[in-house]
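Here is the structure we will look at, set down as structure tokens.
Each value in this text was obtained by applying a stated rule to the coordinates, not by laboratory testing. Being a predicted model, the structure only gives us computed values, none of them experimental. Cβ sites come from the backbone with ideal geometry, for glycine too, and all protein chains shown count toward neighbours.
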Amino acid sequence: MIGFESEEVQLRKLRGRLRAMSDAELIRFGKALRRLANERVSGVPDSIDRLEEVRTEWRRRHPVASK
């Protein structure tokens, strides 16, 4: 049986994976996604959306101090 997950389920799983990564792993993952997004690699159409999730996770971990 082939199962498909909704975008919401995939997004929740991605966020869980990102939260489990160390800062160094998150940076490496983000850089790899950025390369994929820039090269427009076929088969990875959502790399830009995933890259935004990586950025959101980074901002969550490292909020900018208010002045």
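Numbers for the structure displayed
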| read-out | value |
| --- | --- |
| Segment 1-20: number of residues that are part of a loop (DSSP other than H, G, I, E, B) and either under 11 Å from the mean Cα position of the chain (by Cα) or among the polar types (S, T, N, Q) (or both) | 1 |
| Residue satisfying all of: in segment 4-33; small (Gly, Ala, Ser) and surrounded by 12 or more Cβ atoms within 10 Å (Cβ to Cβ); nearest to Arg59 (Cα to Cα) among these | Gly30 |
